[in-house]
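Working notes, beginning with the structure itself.
Bear in mind these aren't lab numbers, they're just calculated from the coordinates by the rules spelled out. Here the structure is a predicted model, which is why all the values come from computation and not from measurement. Note: ideal-geometry Cβ built from the backbone for every residue, glycine included; neighbour counts use all protein chains shown.
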Amino acid sequence: MIDRQRLAECHAAEEERFVADHPRSAEMAAQARHSLLGGVPMAWMTRWPGSFPLFFDHAEGARFTDVDGHEYVDFCLGDTGAMTGHGLPQVADALARQARRGITTMLPSADAAWVGEELTRRFGLPAWQMAMTATDANRFVLRFARFLTGRPKVLVFDWCYHGSVDETLVTLGPEGRPVPRGGNIGPQVDPALTTVVVPFNDVAALEAALAKGDIACVLAEPALTNIGIVLPDPGFHDALRALTRAYGTYLVIDETHTICAGPGGATAAWGLQPDFFVIGKTIGGGMPAAAYGCTAEIATRINALISDKSIDTSGVGGTLTGNALALAAVRATLSSTLREDDFAHMIPLAWEWTEGVQRTIDKYSLPWNVQQLGARAEYWFCPPPRDGAAAAAAVDSELDAYMHLFAINRGIMLTPFHNMALMSPHHTLADVDLHSEVFAEAVATLLP
Ligand SMILES: Cc1ncc(COP(=O)(O)O)c(C=O)c1O
């Protein structure tokens with residue numbers, strides 16, 4: 001439906017406007033290219049639309065201001081890392097207090113037990129450890145699962161994302177063979193040695209894979225959130241839990257993004273029963289912090305293992321992991337935000353955002369869909385997909401880039417490499433309405 005010539009012309013006009021509006025960011029980007037790979041401190045920052053990234057000056061609540069003085073409604077929120085909103089005073093105060101009292105001692109601080117108890121209260125599992133990132137937490141859990149089961153492999157769903165964990169940077173290749181996900185730099189080994197991949201929502205393929213008896217754990221998001229939002233079919237989670245139990249495979253639920261479903265994530269909202277649970281990004285209010293939890297039965301077995309003084313470098317943990325600053329941030333965050341009341345504000349905003357996008361999809365009868373999961377919503381350029389491959393087939397990088405750049409030029413930031421919007425407790429209905437208008441305007445420019 002989209003005329004590519006017209007799309008290219010519209011994009012060029014937006015790019016011109018972007019460059020004209022952001023001279024200071026352009027200058028900083030040019031300077032950064034002298035010393036930083038790609039001109040940025042982390043590769044993903046090259047992925048924004050526009051010929052250079054915006055440099056931000058300050059961020060507060062649901063907004064940030066760039067170095068040229070433009071303010072944006074931020075629906076990206078650091079791709080979930082700042083879902084609480086930016087610059088929370090309670091987190092800033094806790095960080096300042098703790099920083100003056102010492103950051104890294106490799107000793108537990110007074111916040112440690114509070115954090116463990118709060119994680120149990122929210123997510124249900126009784127025993128916890130910290131990590132710095134969700135990637136690390138997933139890596140540690142995979143080690144425990146392999147150790148406890150004595151099995152070599154991990155099962156993931158096609159087009160999942162669980163961080164830069166080697167075993168999971170895999171998609172389903174021809175004849176069901178796992179292949180390195182496109183763009184994956186330097187895979188350690190042939191992923192077929194470590195990983196089994198099945199389509200999301202495919203119970204028969206899941207059972208066939210588990211029946212081989214070599215899978216230590218299934219690592220799953222409750223809904224796929226990294227290839228658009230792919231919701232589970234009714235009954236899919238019941239089948240997943242029953243089959244993993246039947247075949248002696250641990251179930252690891254990664255709630256790093258699906259915490260958008262509520263204060264206890266989809267696990268609490270949907271009554272899931274994971275053996276291991278992983279959460280990162282949000283829990284530190286923007287500070288790097290992650291955690292993983294396990295059942296009492298697993299805890300009994302791991303407790304003995306991690307307290308064994310004959311074990312030297314176990315492959316689990318890390319020098320700065322569980323540092324006092326991270327724990328202070330987690331305590332300040334979980335005690336003051338992402339609570340029931342906050343979600344009661346955030347989730348209706350995500351409904352409104354979804355409805356706003358749907359109105360335009362309906363108006364032009366576009367073959368697109370918009371999905372919502374709690375405080376998160378996302379549009380995608382195909383009918384609602386049932387699995388990751390269907391969603392991946394609809395990726396349209398040109399259209400993505402245009403929609404994002406059009407939005408940025410009008411004061412709205414969406415998550416790059418998604419069309420995702422996340423609501424924080426600080427967003428307002430006016431922010432959402434602005435997006436609905438800008439989305440409608442962007443689509444109108446492309447259609448006859
Ligand atoms: C579901 C999920 N798990 C884990 C991660 C990894 O998080 P991090 O990059 O903070 O390690 C991500 C990142 O997007 C994610 O979406």
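For the stretch 190-237, the alpha carbon convex hull comes to 89 Å³ per residue, rounded to a whole number.
Measuring nothing but how far apart in sequence close Cα pairs (under 8 Å, 6+ apart) lie, relative to its length, the stretch 1-107 scores a relative contact order of 17 percent. Fewest neighbouring Cβ atoms within 10 Å first, the residues W128, W159, W44, W114 line up as W44, W114, W128, W159.
Seen from every direction in turn and averaged, the convex hull around the alpha carbons of the stretch 205-286 projects onto 5.8 nm². Under 24 Å of direct C-alpha separation, and excluding same-chain neighbours fewer than eight residues apart, K309 reaches no lysines at all. The helix-based estimate of mean residue ellipticity at 222 nm for the chain, built from -39,500 (n - 2.57) per DSSP H run of four or more residues and divided by its residue count, is -12500 deg cm²/dmol to the nearest 500. Taking 17 Å as the straight-line reach from the Cα of K153, the aspartates and glutamates in range (excluding those fewer than 8 positions away in the same chain) are D166, E167, D190, E207, D214, D275. When the Gaussian network model of the chain links Cα atoms closer than 10 Å, the mean-square fluctuations of Y72, Y247, Y379 top out at Y247. Rg and Dmax over the alpha-carbon atoms of the stretch 349-447 stand at 12.7, 35 Å.
Springs join every pair of Cα atoms under 10 Å in this Gaussian network model of the chain, and among V189, V156, V330 the largest mean-square fluctuation is at V189.
Relative to one another, the C-alpha centroids of the stretch 146-187 and the stretch 374-439 are positioned 27 Å apart. Okay, which of the stretch 413-441 sit inside 19 Å, backbone N to the point 7 Å along the Cα-Cβ direction of I2? Label zone hits: 413-421, 435-441.
For the chain, the relative contact order is 23 percent, taking Cα pairs closer than 8 Å that sit 6 or more residues apart in sequence and dividing their mean separation by the residue count.
Separation of the stretch 43-82 and the stretch 294-340, taken as the distance between their Cα centroids, equals 31 angstrom. For K281, no lysines have a Cα falling under 16 Å of its own Cα, not counting residues fewer than eight places away in the same chain.
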